[in-house]
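Beneath this line is the structure, given in structure tokens, with notes to follow.
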């Protein structure tokens, strides 16, 4: 099974491409938005330097093939809208974890479904993963709906698992298997 190598994926409305240093400003717009970060694994950022540092860490992880980070770019305008990534690859067991974020301006328009569908197809068909997992705050109903639309099944709840910004939260665990009724058009 190939490790996580940078990839560019095309969808009808999006280009998913590798993370670049100059994405800091656009991603900071998300990472500094308190509402967008409400259920994320780290609190909203307060300075662009924090975004630059996070991108440097993510770029290093991608260079080491530990993460596959795809930045969502709107094809018609070139606007960076968010990211969708695979991380925590377990090579012997052929599974990884999916994560995503999107500018609030673009919520509810199907962009993340489109992006995640492309990344999942790549994960199963090209990387030959057996299982993809997701870990979300159970209060994040929009992410739960997205995962369920993609075919993920809620498999468990870990109580009081995270402490983000002084707040304790649970984790809802979701899983999707390559054998879960997939067809070439499954995620579309």
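What follows is calculated from the coordinates using simple rules that are stated; it is not laboratory data. These figures come from a predicted structure and were not determined experimentally. Quick reminder, even Gly has a Cβ in these numbers, built from the backbone with ideal geometry, and neighbours come from all protein chains shown.
Brief remarks follow.
- Placing dummy labels 7 Å off each Cα toward the beta-carbon, the span from residue 60 to residue 41 is 1.6 nm.
- At R0 = 30 Å, FRET efficiency that the Cβ-Cβ distance of residue 128 and residue 154 yields, to 0.05: 0.75
- P(r), alpha carbons of segment 1-89 - 5 Å bins starting at zero, rounded %: 3, 14, 23, 24, 20, 13, 3, 0
- Stokes-Einstein translational diffusion, segment 92-188 - Kirkwood Rh over all Cα pairs, 0.890 mPa s, 25 °C, in µm²/s: 172 µm²/s
- Peptide packing for 119-125, 144-150, 159-165 was compared via the average number of neighbouring C-beta atoms within 10 Å per residue; ordered from the highest value, the list is 119-125, 144-150, 159-165.
- Intensity falloff of segment 9-177 expressed as log10 I(q)/I(0), Debye formula with alpha-carbon point scatterers, at q = 0.08, 0.18 Å⁻¹: -0.22, -1.30
- Computed over the chain, the per-residue total of -39500 (n - 2.57) for DSSP H runs of n ≥ 4 gives a 222 nm mean residue ellipticity of -7000 deg cm²/dmol, rounded to 500.
- Pair residue 140, residue 34: separation of 7 Å Cα→Cβ label points (nm): 1.9 nm
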